[in-house]
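Asker: Following this message is one structure expressed as structure tokens.
The values are calculated or read from the model by the stated rules, or taken from the named source; none is laboratory data. For clarity, every value in this text was computed on a predicted model and none was experimentally measured. Glycine gets a Cβ as well: all are built from the backbone with ideal geometry, and neighbour counts include every protein chain shown.
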Amino acid sequence: MPRDIKGKMLDAVANKIYSYTAYASAEQIKQVAKALTGKYPSLKCSTTVEGWEAWAHSISSKMGNFRSKLRKLGCEEVHVNGGKRSRVSRPDAPPPAANIKKARKGELNFQPNLPAKETEESLEQYREKLVAEMKKTNPDMSEVNRHMALTFAVCQKEVNGMALIATVNERWPALFTESQVDTIL
């Protein structure tokens with residue numbers, strides 16, 4: 001197979017995998033490689049036993065390269081685990097991200113990007129509407145859940161920086177409701 005075509009195929013596969021998770025496990029990558037060679041038997045590698053192992057290795061490498069490109073573009077989700085920083089060349093830089101657990105939704109170090117077509121100012125307006133709705137005797141929980149989903153990225157950044165639960169509860173009163181706790185878990 002020509003190298004440029006294989007590269008384009010791997011880019012498409014990495015993009016699709018990233019739409020599900022930024023850090024696919026070895027088992028998930030293995031399943032993708034098996035499905036790819038199962039659907040297109042001509043892609044099987046004759047030098048390996050099963051035929052999909054080379055594709056699994058290529059997909060794994062492409063995912064790492066894909067995350068590096070996103071990190072350079074400023075993607076918050078993968079930036080939290082990035083870092084080949086040297087103490088010698090950049091002593092003021094934060095330490096490398098060695099032994100940091102991979103970011104997953106619901107964990108403290110998960111840093112999502114802002115939703116498309118939204119700014120921090122527009123999300124602040126949604127947060128204020130959320131606070132006003134929660135002050136009502138019977139808040140509309142569907143609206144509250146919608147606003148919480150929209151402002152998830154801003155909420156996550158703020159919660160990571162706040163130390164007191166009282167402050168978090170004041171700014172995000174719906175965060176401790178049963179429906180939000182169920183959503184996180």
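Asker: Please tell me if Ala153 is on the phi < 0 side of the Ramachandran plot and exposed (fewer than 12 other Cβ atoms within 10 Å of the Cβ). Before you say what the answer is, go through the steps one by one.
Answerer: Working: on the phi < 0 side of the Ramachandran plot: yes; exposed (fewer than 12 other Cβ atoms within 10 Å of the Cβ): no.
Against the criterion (on the phi < 0 side of the Ramachandran plot and exposed (fewer than 12 other Cβ atoms within 10 Å of the Cβ)), Ala153 does not qualify.
Asker: Quick one: which of Val88, Val144 is at pLDDT 65 or above and not assigned by TED's automatic domain parsing to the domain that holds Tyr20?
Answerer: Residue meeting the stated conditions: Val144.
Asker: Same structure, new question: Using the structure shown, decide if Ala93 is at pLDDT below 75, over 15 Å from Leu10 (Cβ atoms) and exposed (fewer than 12 other Cβ atoms within 10 Å of the Cβ).
Answerer: Working: at pLDDT below 75: yes; over 15 Å from Leu10 (Cβ atoms): yes; exposed (fewer than 12 other Cβ atoms within 10 Å of the Cβ): yes.
Judged against the criteria, Ala93 is a match.
Asker: Next up: Pull out all pairs, ordered by first then second residue, where Cβ-Cβ is under 9 Å, the residues are six or more apart or on different chains, the first lies in the range 160-180 and is over 25 Å from Asp140 (Cβ atoms), and the second is of a type in the set (Lys, Arg) and in a helix (DSSP H, G or I).
Answerer: From the range 160-180, the pairs are Met162/Arg171.
Asker: Here are the criteria: (1) in contact (Cβ under 8 Å) with a residue 60 or more places away in the chain; (2) over 30 Å from Asn160 (Cα atoms). Tell me which single one Ala22 does not satisfy.
Answerer: Only one criterion in (1) in contact (Cβ under 8 Å) with a residue 60 or more places away in the chain; (2) over 30 Å from Asn160 (Cα atoms) is unmet by Ala22, namely (2).
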